[in-house]
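The values are calculated or read from the model by the stated rules, or taken from the named source; none is laboratory data. Since we're looking at a predicted model, the values are computed, not measured. Counting neighbours? That spans all protein chains shown, and the Cβs are built from the backbone with ideal geometry, glycine included.
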Amino acid sequence: MASDCQVYGQTVTTHHHNELIQMDIYPSLKWTEATHRFPNVIYCAPPSRTPDYAGNVRLAALCWNGEGSFLFTSSSAPYDCNDNGTCDEDSPVLPIGRSAKVDVLLKAENVVLDFGGCVLRLAGLYKEDRGAHNYYLEKGTVDSRPDHILNLIHYEDAASLAVAILKKKFRGQIFLGCDNHPLSRQQMMDLVNESGKFNKKFDKFTGTDDPLGKRLNNTKTRQVVGWEPKYPSFAGFLKSSP
């Protein structure tokens, strides 16, 4: 971090404030006064703990002075595809009113775009001890269909992509974060079981009629931003990690 930078971190709880302080980040539980604005703002909190998500995103937007970048990390959930078909940055999204959860994201995205900020729709985040594979591993048997296609991106790669976008000072664009290696739930858990890196073994998926997924491709984002992931696939990650 550059010595002349001041980084502020707005959080919901104080759980990680000590860690933030050690990284020279000034943590806060309350929104910085509107008079204190920043050239670069990133909003990456999930909607699950925020009653007025779009309202909070608007508060973050009001902290941006318009000089650098304002980036909102969203999800790939809005893409209107549940047949394991292909999606990219420009694929159509669900109309407002189809899904309450997606509505929350789309309304927040619209706030960001109205301010001239950018949206980064992320695939499923993971690292060794977090992500869909970890959830399935803990369950052992899961009542979901095995052929549902998943899309992943490592936490480190999501962070590096976000930083790369911030540095380019884009305006009003939608980006997509994924590793371009979609795989089925079954394929993912087969890789986990074969890796020998986990104490538990996954048993099986038993679902037959739940929705399928989508196959994300972010070639456009990579070309525009000039970014490539450190972990180009989940399989590659498992092989590279100690």
Scanning region 169-192 for residues that are of a type in the set (D, E, K, R) and assigned to a loop (DSSP other than H, G, I, E, B), the one nearest to LYS220 (Cα to Cα) turns out to be ASP179
Over region 72-93, the set of residues in contact (Cβ under 8 Å) with a residue 40 or more places away in the chain, assigned to a loop (DSSP other than H, G, I, E, B) and polar (S, T, N, Q) is SER76, ASN82, ASN84
Of the residues in region 175-232, those that are buried (at least 20 other Cβ atoms within 10 Å of the Cβ) and among the hydroxyl-bearing types (Ser, Thr, Tyr) come to THR221, TYR231
Considering region 203-240, residues that are of a type in the set (Ser, Thr, Tyr) and part of a loop (DSSP other than H, G, I, E, B), and then whichever is modelled with the lowest pLDDT, we arrive at THR208
Inset, instruction - Check whether at least one residue in region 78-95 is polar (S, T, N, Q), modelled with pLDDT of 95 or more, under 18 Å from the mean Cα position of the chain (by Cα) and under 19 Å from LEU161 (Cβ atoms), and report yes or no. - result: yes
Turns out the strands (runs of 3 or more DSSP E) fully within region 7-60 with at least 2 residues that are of a type in the set (Phe, Trp, Tyr) and closer than 24 Å to LYS107 by Cβ are 38-43
Pairing a residue in region 152-173 that is free of Cβ contacts under 8 Å to residues at least 12 places away in the same chain with any residue that is outside any loop (DSSP other than H, G, I, E, B), where Cβ atoms lie under 9 Å and the two sit 6 or more apart in sequence or on different chains, gives VAL163/ILE42
Quick count over region 216-232, residues being touching a residue at least 60 places away in the same chain (Cβ under 8 Å) and under 12 Å from HIS154 (Cβ atoms), is 3
Of ALA45, ALA100, the only residue that is more than 21 Å from VAL225 (Cβ to Cβ) and surrounded by 14 or more Cβ atoms within 10 Å (Cβ to Cβ) is ALA45
Over region 103-127, the set of residues loosely packed, with under 15 Cβ neighbours inside 10 Å and farther than 30 Å from GLU67 by Cα is LYS127
Output yes when any residue across region 154-167 is crowded, with 17+ Cβ neighbours inside 10 Å, at pLDDT 95 or above and assigned to a loop (DSSP other than H, G, I, E, B), and no when none is. no
Per the filter on region 94-138, residues within 26 Å of LEU183 (Cα to Cα), of a type in the set (A, V, I, L, M, F, W, C), in a loop (DSSP other than H, G, I, E, B) and in contact (Cβ under 8 Å) with a residue 24 or more places away in the chain are ALA123
